[in-house]
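A quick write-up on the structure given underneath.
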Amino acid sequence: MRHWLMKTEPSVFGIDDLQRKGREHWDGIRNYQSRNSMRDDMKVGDRVLFYHSSTDVPAIVGTARVVREAYADPSSWDPESQYFDPKSRPDNPRWVMVDVEYESKFAAPLSLAELREVQALAGMLLLKQGMRLSIQPVTPEHFEAVLRQAERKARGG
């Protein structure tokens, strides 16, 4: 099993949306490195840190699990979609998506500033200067450190 961090804008689709739906496809990825991670490396059962970006306080807000491996993203074929790509075709799809299932919402978000203070997260890709990938691998150690920090914060510590 692998671990991932997936970024989303809460104004578009946030942890509350995933909690309400239970399961949803993760579409609109238009970065080749992120696409390759989804296509080649994500497997059913992989765990995900759910990250809210493009917000006043970017933060990890919960967890999810991959429940369907990569398949063609049809939004790339829809000229009305913001994710349309004229070079992607149903017979030769360029972009993929996976399905994720809600797992948990943290009692309190873990902000980027807070995460930077956690020694056990030193070297985490999210915390590297200039790291903008919307999907990034997370080591098992970093994943567990985030969960411990979320629990610590929920207890008020």
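The values are calculated or read from the model by the stated rules, or taken from the named source; none is laboratory data. Just so you know, these numbers come straight off a predicted model, no measurement behind them. We place every Cβ from the backbone using ideal geometry, glycine too, and count neighbours over all the protein chains shown.
Would you please name the residue that is nearest to ARG39 (Cα to Cα), looking only at residues in region 16-29 that are in contact with a Pro (Cβ under 9 Å, 6 or more places away or on another chain) and at pLDDT 95 or above?
This residue is ASP17.
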Are any residues in region 16-29 under 24 Å from LEU112 (Cα atoms), out of contact with any Phe, Trp or Tyr (no Cβ under 6 Å at 6 or more places or on another chain) and surrounded by fewer than 20 Cβ atoms within 10 Å (Cβ to Cβ), and if so, which ones?
ASP16, ASP17
Of (1) surrounded by 12 or more Cβ atoms within 10 Å (Cβ to Cβ); (2) under 19 Å from ILE15 (Cα atoms); (3) over 17 Å from the mean Cα position of the chain (by Cα); (4) in contact (Cβ under 8 Å) with a residue 12 or more places away in the chain, ALA120 satisfies all except one. Which?
(2)
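Tally time: how many residues in region 8-50 are in a helix (DSSP H, G or I) and more than 15 Å from VAL67 (Cβ to Cβ)? Break it down stepwise before answering.
At the first step, the residues of region 8-50 found to be in a helix (DSSP H, G or I) are 15-21, 32-41.
Now drop any that are not more than 15 Å from VAL67 (Cβ to Cβ), which leaves 15-17, 20, 32-37, 39-41.
Summing the residues that are in a helix (DSSP H, G or I) and more than 15 Å from VAL67 (Cβ to Cβ) in region 8-50 gives 13.
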Pair list, Cβ < 6 Å and 6+ apart or interchain, from region 86-105 residues that are among the hydroxyl-bearing types (Ser, Thr, Tyr) to residues that are not in a strand (DSSP E or B):
SER88/SER76; SER88/ARG94; SER88/TRP95; TYR102/LEU18; TYR102/GLN19; TYR102/GLY22
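Does ARG132 satisfy being closer than 24 Å to TRP26 by Cβ, in contact with a Lys or Arg (Cβ under 8 Å, 6 or more places away or on another chain) and outside any strand (DSSP E or B)?
On the way: closer than 24 Å to TRP26 by Cβ: yes; in contact with a Lys or Arg (Cβ under 8 Å, 6 or more places away or on another chain): no; outside any strand (DSSP E or B): yes.
Answer is no for this residue.
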What's the total number of residues in region 59-73 that are surrounded by fewer than 19 Cβ atoms within 10 Å (Cβ to Cβ) and either without any contact (Cβ under 8 Å) to a residue 24 or more places away in the chain or under 18 Å from LEU18 (Cα atoms) (or both)?
4
Given the conditions (1) in contact with a helix residue (DSSP H, G or I) (Cβ under 6 Å, 6 or more places away or on another chain); (2) modelled with pLDDT under 95, and given that GLN82 satisfies all but one, which numbered condition is not satisfied?
(1)
When you scan region 138-156, do you find a residue that is without any contact (Cβ under 8 Å) to a residue 24 or more places away in the chain, more than 17 Å from the chain's Cα centre (by Cα) and either in a loop (DSSP other than H, G, I, E, B) or under 21 Å from THR8 (Cα atoms) (or both), even just one?
yes
Considering only region 64-73, I want to know if a residue exists there that is in contact with a Lys or Arg (Cβ under 9 Å, 6 or more places away or on another chain) and of a type in the set (Asp, Glu).
yes
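For region 81-96, what are the residues that are surrounded by 12 or more Cβ atoms within 10 Å (Cβ to Cβ), part of a loop (DSSP other than H, G, I, E, B) and in contact with a Lys or Arg (Cβ under 9 Å, 6 or more places away or on another chain)? Steps first, answer last, please.
Quick first cut of region 81-96, residues surrounded by 12 or more Cβ atoms within 10 Å (Cβ to Cβ) only: 81, 83-85, 88-89, 93-96.
Filter once more, so that each one left must be part of a loop (DSSP other than H, G, I, E, B): 81, 83-85, 88, 93-95.
Residues satisfying the conditions are TYR83, ASP85, SER88, ARG94, TRP95.
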